[in-house]
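Each reported figure results from applying straightforward, stated rules to the coordinates on display, with no laboratory input. Predicted model, so just to flag it, every value in this text is computed and none were measured. Every residue, glycine among them, receives a Cβ derived from its backbone with ideal geometry; neighbour counts consider all protein chains shown.
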Amino acid sequence: AYDAILVHRIGGPVPDVKANDSDAPITIHPEDVLSVTLSLGTAGYAGVHADWWILAHHADSGQWYQYVAPFTTTSWRPWTGGTSLQAPLFDFTGHEAVRMSDLPAGQWTFYFGVDAPQNGVMDMNMLFYDGVAVSVTPQDQ
C-alpha cells in the first residue's frame, strides 16, 4: 500500500494509520462517516518503553488535536503538548481512534508515531510514524 506520509527506517517499529481503510489520501463529505484506525508492528521492539504520539492536524485552522488515554473515539482534545501515552510497545491491529461524521471541512492529517526513550519529548531522530490525509469537502464542490 502507498502511504502519503511515511518515514521508513530499517529495524524499528512500524506504525500504520488508515482513513476508511485507506493508506492513500481520501476525500469525504462532512456527512460521511470517517473511521481512522491505528496498527503497530513492533518488529522486535515489543516491551520497549516509548512515547506514543497520536495527533490530528486541521491545516485550515492550524489546530492540532491529540488522542489521549484511556483510548475511546471520544478521547480527542486540543493538543497543548505532551504524549498521548507512555507505555511499552506491543503489536496490535485495527484500533479505531476516530469514528465520526460532521468533521469540519478542510484538509486533515492524522498521525500515529512512537519514539524512545520514554521521556515525554518528541525525539525526531528516533520517531517512527505514519500519517494519512483526509480532505473534507462539501457535497457541492
- line: Given a Förster distance of 22 Å, the FRET efficiency implied by the Cβ-Cβ spacing of Gln139 and Thr93, rounded to the nearest 0.05, works out to 0.10
- prompt: Where Lys and Arg each count +1 and Asp and Glu each count -1, what net charge lies around Pro117 among other residues with Cβ under 12 Å from its Cβ?
  reply: -3
field: Cα→Cβ-extended label distance, 7 Å offset, between Gln86 and Met124, nm
entry: 2.2
Dipole magnitude (debye, nearest 20) for the range 21-141, charges at Cβ of Lys, Arg, Asp, Glu: 320
query: Over the chain, what is the relative contact order in whole percent, taking alpha-carbon pairs under 8 Å and six or more residues apart?
result: 36
- line: Net charge (Lys, Arg +1; Asp, Glu -1) of residues whose beta-carbon lies under 14 Å from that of Ala87, Ala87 excluded, is -3
field: Cβ-based net charge around Asp102, under 14 Å, with every Lys or Arg adding one and every Asp or Glu removing one
entry: -1
query: Cα-based Rg (one decimal) and Dmax (whole number) for the chain, in Å?
result: 14.7, 49
field: Fraction of antiparallel bridges per DSSP, the chain only, in percent to nearest 5
entry: 95
